[in-house]
Each structure stands twice: as C-alpha cells, then as structure tokens.
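Data first, discussion second: the structure below is written as structure tokens.
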Amino acid sequence: MSLRGFHIVFVSFTILLLFYSCYWNYINWAYLGESSSIFYSFFSLICSLFVGFYGYKFYDKTKGINV
C-alpha cells in the first residue's frame, strides 16, 4: 500500500473514531447530564469536519500521483 493509500485509510478511520466519540459523549450527556460531555460531543463533531476537509484537500492535491 502506498503512502497516499495509507493516508486516506488513516484519515477515514480518524473520522469514524471522532464520530463514535461524538455519539458516545452525547449518550453520556443524555444519561448523566454533565455539561462537559456535550462540549466534547460538539468538539468531536467539529474535529471530524476539519479532518474530513483535510482529507478532501489531500486527496485533491495528490490525485495526479500514482505511486
């Protein structure tokens, strides 16, 4: 697997992990009512959007590289 392929897989797994963290913190907030859990839920969602944007830009920039 090329470095480009590994990078795309790593970014994808990072986004999935951040979505899970968002869901998990939301469930904690719903059951426990702690304000820090809802903050971490929104923070995970924002980070997943930034990582997705980064992955899109990386894929677009390396589209012509076939190594």
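The values are calculated or read from the model by the stated rules, or taken from the named source; none is laboratory data. What you see is a predicted model, and the numbers here were worked out from it, not measured in a lab. For accessibility, only protein heavy atoms count, side chains too; no ligands or nucleic acids. Shrake-Rupley method; radii C 1.70, N 1.55, O 1.52, S 1.80 Å.
Key figures for this structure:
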item	result
For the chain: accessible area per residue (Å², 1.4 Å)	81
Principal-axis tilt of helix 3-32 within the chain, Cα atoms, nearest 10 degrees	10
With every protein chain in place, the chain: carbon and sulfur % of accessible area (1.4 Å)	73
Reported label for calculated volume of the Cα convex hull per residue in Å³ given [x] 56; [y] 158; [z] 89	[x]
